[in-house]
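Accompanying notes for the structure given below.
The values are calculated or read from the model by the stated rules, or taken from the named source; none is laboratory data. On a predicted model such as this, the values are computed, not experimentally measured, just so you know. Quick reminder, even Gly has a Cβ in these numbers, built from the backbone with ideal geometry, and neighbours come from all protein chains shown.
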Amino acid sequence: MSEMEVISTPEDPLAVRIRTVAEGEHRRGRDEIIIENEVNIVAARAAGVELLHLVVSPKLIEQGLVQDVVGSTSVAVISDEVRAQAFQRSRVPDVFAIARLPEKKRFRAFAATTGDIVVLDGVDGPGNIGSIIRVATAFGAGGIVALNQHHNDIYRRGIVRATAGTMFALPIVAAKNAEFFRFCQATGTRIVTTSSHAREETFDEVVASPERLAIVLGSESRGCSPELNAAAALRCRIPMTPTVESLNVSAAASVLLFSRYRARSART
């Protein structure tokens, strides 16, 4: 392990840097992100993400619990008080890294994959977005499209944390609707939107389709946008008892992507 810097005051330059990145108020103008927890840090390094600093609590150093994530990255030990101040408006991680923001992906990144494209159309909440990325990775999706999102916003702390190490496994493209429509037209990819008001019969049709699909998940309150619904080849509803009108968007993603994965596996 390399020699460790000690951050003991809020005025320390690295403490100020951590606080600025953690607050996220000027996120879109920065090229750095925070990656929390060992599983995410290890996954980021394996994916080639540049880790600039690893920052750990004194407790983890005492317990010898950071050996697997250090590598050649410079290490700093941050006091509990300074760490709490840096993350004053959110949960406080015991170990985290300051990393270089991954380069923006283009649609051509999907050429190396064959699975479905999962499209986020106004999906709310870091927990939902992170869970969908995790589910998409688990069930063989080819990539993620985040519609009308800034590239930097995709790598918010809460999203990365919720992916549980899968954030860097799939290509994630931030794009406008028009760019997404051009990609689908150029590649012959059919668009499928999800809706609690669609016909139930379409679920089986979507699951059985042997082709790559662009599966659109919308906001829990508003659903998929009118523009996406108008462009869709199919609107899909997950069959369920009438007692429940709809599922949480990440739960709906799990059902649909698992069903697609199982059907695809049965054909091979």
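Among strands (runs of 3 or more DSSP E) lying entirely in region 80-149, which contain 2 or more residues that are more than 12 Å from the chain's Cα centre (by Cα), of a type outside the set (Gly, Ala, Ser) and not assigned by TED's automatic domain parsing to the domain that holds Ala253?
95-100
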So which residues in region 109-122 are surrounded by fewer than 19 Cβ atoms within 10 Å (Cβ to Cβ) and either touching a Pro at 6+ places or on another chain (Cβ under 9 Å) or more than 30 Å from Val192 (Cα to Cα) (or both)?
Ala109, Ala112, Thr113
Matching residues, region 128-142, being surrounded by 24 or more Cβ atoms within 10 Å (Cβ to Cβ) and without any contact (Cβ under 8 Å) to a residue 40 or more places away in the chain
Ile129, Ile133
For Ile154, indicate whether it is at pLDDT 95 or above, touching a strand residue (DSSP E or B) at 6+ places or on another chain (Cβ under 8 Å) and among the β-branched types (Val, Ile, Thr).
no
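Which of the strands (runs of 3 or more DSSP E) contained wholly in region 175-268 include at least 1 residues that are free of Cβ contacts under 8 Å to residues at least 60 places away in the same chain and surrounded by fewer than 13 Cβ atoms within 10 Å (Cβ to Cβ)? Walk me through it before giving the result.
On the way: elements: 190-194, 213-218, 234-236.
Strands (runs of 3 or more DSSP E) meeting the threshold: none at all.
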Of all residues in region 18-41, which are over 12 Å from Ala99 (Cα atoms) and modelled with pLDDT of 90 or more?
Val39
Among the residues that make up region 125-133, is at least one of them modelled with pLDDT under 95 and among the β-branched types (Val, Ile, Thr)?
no
In region 88-103, what residues are surrounded by fewer than 19 Cβ atoms within 10 Å (Cβ to Cβ), touching a strand residue (DSSP E or B) at 6+ places or on another chain (Cβ under 9 Å) and within 11 Å of Arg157 (Cβ to Cβ)?
Arg91
Here is a check on your reading of the model: is Ile172 β-branched (Val, Ile, Thr), assigned by TED's automatic domain parsing to the domain that holds Glu220, touching a residue at least 40 places away in the same chain (Cβ under 8 Å) and out of contact with any Pro (no Cβ under 7 Å at 6 or more places or on another chain)?
yes
